[in-house]
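See structure below.
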Ligand SMILES: NC(=O)c1ccc[n+]([C@@H]2O[C@H](COP(=O)([O-])OP(=O)(O)OC[C@H]3O[C@@H](n4cnc5c(N)ncnc54)[C@H](O)[C@@H]3O)[C@@H](O)[C@H]2O)c1
């Protein structure tokens, strides 16, 4: 029985990782370390509450004593570190929490993992650490780190600390950097659920600036499968870029989703651009495809269709988020 520690497993991607791994492999036990932040939603992993293969431990990763308790609870074959403050807009209005959670929190986990020992430490990062691209090219693993927002700067800082723990102490770290994710269970403040939920409620859909910012989209389960492949086949000390070669402007995404829901484009409402808004991201995932034998299972067209349908079918999930009732689950 492999023992995995997942941080941030009540969130969007961490909970998908827990579902994916427990469905895919029998001989696994997952400990989920999370905290009642606004982004942590117990509904996301509710089906596992009674499972013998799942344990939840309320843990603030920015608190050294909490993290020590987590590692005293058991030994782990692998740590999958998802927990983070993850919303760029919040990092612009309240940057300090991003330093506390993403930098200090990652440090405490690395430090505890070094002292207690772990089989692998998979550090989940983002393509945003590379900064913004012009009209051409894509980010490779050797692109310079040029983060532009407090969010991406805090993630880049955590990447560097993870690298240092690998180089200095030999901690078996593997870092993954993924492009924008979409899919079921994403907190409504992010672009795709905002578009879907506002459209479903006939509310205006806010689009930053001219709507021509480009993102490279990947279905969340494909991201999770790439992370699993990095654990199984990745080389220690390496960085793996994860992306689906699906570049789209924000306004294209809005129009596609409105079309899927049969809603009018008159719902589109252009709003003042985000401060320092990165114009374009694009990932070169060649190394990940080659070394990890991974490629996305879903195209953007398929994934978006299924995602829209999921939000249509799971109204009670998002109504509990919008009303705040999901927090009663803590
Ligand atoms: N969403 C994306 O498109 C994307 C793309 C690439 C990488 N990532 C990275 O993937 C990871 C997960 O992203 P997400 O979209 O699922 O984020 P999310 O905001 O949905 O989830 C983050 C989780 O971390 C938990 N958390 C926050 N502070 C904590 C603390 N102090 N202690 C313990 N837990 C804490 C939250 O409660 C939540 O459950 C992040 O590290 C993010 O940088 C996200």
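Residue 113 passes all but one of (1) free of Cβ contacts under 8 Å to residues at least 60 places away in the same chain; (2) assigned to a helix (DSSP H, G or I); (3) surrounded by 23 or more Cβ atoms within 10 Å (Cβ to Cβ); (4) within 12 Å of the ligand (Cβ to nearest atom); which number fails? Single failed check for residue 113: (4). Looking at region 82-95, which of its residues are within 13 Å of the ligand (Cβ to nearest atom), assigned to a helix (DSSP H, G or I) and surrounded by fewer than 22 Cβ atoms within 10 Å (Cβ to Cβ)? 88, 89, 90, listed by residue number.
Residues that are assigned to a helix (DSSP H, G or I) and closer than 16 Å to residue 5 by Cα were ranked within region 21-31; the one that is farthest from the ligand (Cβ to nearest atom) is 22. Tell me yes or no: at least one residue of region 64-81 is within 9 Å of the ligand (Cβ to nearest atom) and either surrounded by fewer than 15 Cβ atoms within 10 Å (Cβ to Cβ) or within 28 Å of residue 322 (Cβ to Cβ) (or both). Scanning region 64-81 turns up no residue that is within 9 Å of the ligand (Cβ to nearest atom) and either surrounded by fewer than 15 Cβ atoms within 10 Å (Cβ to Cβ) or within 28 Å of residue 322 (Cβ to Cβ) (or both). In region 52-63, what residues are within 10 Å of the ligand (Cβ to nearest atom) and outside any strand (DSSP E or B)? Hits for region 52-63 are 59, 60, 61, 62, 63.
Restricting attention to region 96-110, the residues being touching a residue at least 24 places away in the same chain (Cβ under 8 Å) and either buried (at least 24 other Cβ atoms within 10 Å of the Cβ) or more than 10 Å from the ligand (Cβ to nearest atom) (or both) number 9. Please enumerate the residues belonging to region 39-51 that are touching a residue at least 12 places away in the same chain (Cβ under 8 Å) and either assigned to a loop (DSSP other than H, G, I, E, B) or over 22 Å from the mean Cα position of the chain (by Cα) (or both). 39, 40, 41, 51, listed by residue number.
Taking the listed residues 34, 49, 43, the one that is under 24 Å from residue 324 (Cα atoms) and near the ligand (Cβ under 10 Å from one of its atoms) is 34, with no other qualifying. Scanning region 116-131 for residues that are crowded, with 18+ Cβ neighbours inside 10 Å and either within 11 Å of the ligand (Cβ to nearest atom) or not in a helix (DSSP H, G or I) (or both) yields 118, 120, 121, 122, 123, 124, 125, 126, 127, 128, 129, 131. Strands (runs of 3 or more DSSP E) fully within region 147-258 that include at least 2 residues being touching a residue at least 24 places away in the same chain (Cβ under 8 Å), surrounded by 18 or more Cβ atoms within 10 Å (Cβ to Cβ) and on the phi > 0 side of the Ramachandran plot: none found. Scanning region 21-63 for residues that are buried (at least 19 other Cβ atoms within 10 Å of the Cβ) and more than 16 Å from residue 187 (Cβ to Cβ) turns up 21, 22, 30, 31, 32, 33, 48, 54, 59, 60, 61, 62.
Taken together, the values in this text are just the output of simple stated rules run on the coordinates, not laboratory data. None of these values were measured; they are calculated from a predicted model. Glycine gets a Cβ as well: all are built from the backbone with ideal geometry, and neighbour counts include every protein chain shown.
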